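Chemist: One structure follows; several queries about it will come next.
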Amino acid sequence: MKEKNLIELLRGYKAGEVSEEKIIDELKNFSTATESLGFATIDHGRELRQGFPEVIYSPGKTKEQLKIIFKNLYERSAGNLIASRASREQFEFLHEEIPAAIYDETARMIYVDRDKTLQRDEHKKILIVTAGTSDIPIAEEARLTAYLWGNFVETCYDCGVAGIHRLFAHIDKITSANVIIVVAGMEGALASVVGGLTRRPVIAVPTSVGYGASFNGLAALLSMLNSCAMGVGVVNIDNGFGAGVLASKINHG
């Protein structure tokens with residue numbers, strides 16, 4: 001249930017169109033409502049508390065478990081849905097029962113885009129910038145997440161510091177964005193460069209892209225944490241989802 005659904009319910013009760021019994025039943029499933037499935041406990045109140053239903057992390061779950069959780073959320077919530085880091089096999093098993101679900105191969109995300117109340121403001125843009133093409137899967141996870149949370153999103157891919165003129169070709173987009181997500185592996189220098197070009201907050205996402213001494217993204221993570229540019233925050237390695245949510249919260253703040 002979203003806040004708007006609760007308001008509609010209360011207005012219906014005030015107008016005499018909704019019974020006390022209906023109000024009581026719905027309030028039982030208010031902001032702290034959970035439901036145990038044995039192998040999982042669904043947080044149905046999260047949509048009201050945070051504006052988005054519980055998001056499912058797919059790795060480690062069987063196809064059956066993922067389908068049951070996703071279907072439960074689909075039937076009990078009103079907003080968009082996300083199952084992150086999902087496989088094609090998990091999607092095909094789930095899709096038989098939930099035809100509205102869509103799979104994004106690059107972002108590795110199963111999602112339902114059904115919230116027609118969202119208004120994506122082009123004047124409050126989230127821009128996602130990657131250093132290289134290999135960083136795009138993480139960037140796409142961030143892009144799709146931010147979009148499903150109700151944001152207007154643009155991208156500039158493959159414009160890292162090895163050819164910095166590629167970045168400057170997008171300077172208008174950088175200076176007009178409200179929030180910027182920078183996704184980079186290797187040495188992770190792009191976040192500092194972008195941070196020095198804008199007054200807006202920059203969310204840096206280190207990726208596990210790189211050769212041996214990159215230590216699966218640790219080198220980029222440490223570089224971004226040590227950025228000399230002002231206003232750069234850092235999420236965990238390969239955490240495109242976390243960057244997309246944080247950017248959305250800043251954008252709507």
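The values are calculated or read from the model by the stated rules, or taken from the named source; none is laboratory data. In this text the structure is predicted, and so the values were computed from the model without any measurement. Because the Cβ atoms are built from the backbone with ideal geometry, glycine has one as well, and the counts that use them run over all protein chains shown.
Chemist: Is there any pair linking a residue in region 106-117 that is closer than 17 Å to Ile56 by Cα to one that is at pLDDT below 95 and among the aromatic types (Phe, Trp, Tyr), with Cβ under 7 Å and at least six apart or on different chains, and which?
Modeler: Once the first residue is closer than 17 Å to Ile56 by Cα and sits in region 106-117, its partners that are at pLDDT below 95 and among the aromatic types (Phe, Trp, Tyr) give Val112/Tyr74.
Chemist: Restricting to region 24-49, and then to whatever is outside any loop (DSSP other than H, G, I, E, B), out of contact with any strand residue (DSSP E or B) (no Cβ under 8 Å at 6 or more places or on another chain) and surrounded by 15 or more Cβ atoms within 10 Å (Cβ to Cβ), can you tell me which residue is modelled with the lowest pLDDT?
Modeler: Filtering region 24-49 for residues that are outside any loop (DSSP other than H, G, I, E, B), out of contact with any strand residue (DSSP E or B) (no Cβ under 8 Å at 6 or more places or on another chain) and surrounded by 15 or more Cβ atoms within 10 Å (Cβ to Cβ), the one modelled with the lowest pLDDT comes out as Glu26.
Chemist: Please work out which one of (1) assigned by TED's automatic domain parsing to the domain that holds Gln65; (2) surrounded by 19 or more Cβ atoms within 10 Å (Cβ to Cβ); (3) on the phi < 0 side of the Ramachandran plot is the condition Arg108 fails and give its number.
Modeler: (3)
Chemist: Right, something else. For region 51-72, enumerate the residues that are among the hydrophobic types (A, V, I, L, M, F, W, C) and either assigned to a strand (DSSP E or B) or over 17 Å from the mean Cα position of the chain (by Cα) (or both).
Modeler: Listed by number, the residues that qualify are Ile56, Leu66, Ile68, Ile69.
Chemist: For Gly160, only one of the following conditions fails: (1) under 14 Å from Gly240 (Cβ atoms); (2) in the same structural domain as Ala243 (by TED's automatic domain parsing); (3) buried (at least 23 other Cβ atoms within 10 Å of the Cβ). What is its number?
Modeler: Going through the list (1) under 14 Å from Gly240 (Cβ atoms); (2) in the same structural domain as Ala243 (by TED's automatic domain parsing); (3) buried (at least 23 other Cβ atoms within 10 Å of the Cβ), Gly160 breaks only (1).
Chemist: Here's something else I'd like to know. Restricting to region 175-193, count the residues that are within 18 Å of Leu246 (Cα to Cα) and either of a type in the set (D, E, K, R) or assigned to a helix (DSSP H, G or I) (or both).
Modeler: 1
Chemist: From the set of residues in region 111-150 that are crowded, with 23+ Cβ neighbours inside 10 Å and assigned to a loop (DSSP other than H, G, I, E, B), which is farthest from the chain's Cα centre (by Cα)?
Modeler: Filtering first and then ranking leaves Ala131.
Chemist: Please go through region 70-105 and give me each residue that is surrounded by fewer than 21 Cβ atoms within 10 Å (Cβ to Cβ) and either in the same structural domain as Tyr157 (by TED's automatic domain parsing) or of a type in the set (Val, Ile, Thr) (or both), ordered by number.
Modeler: Ile98, Ile102
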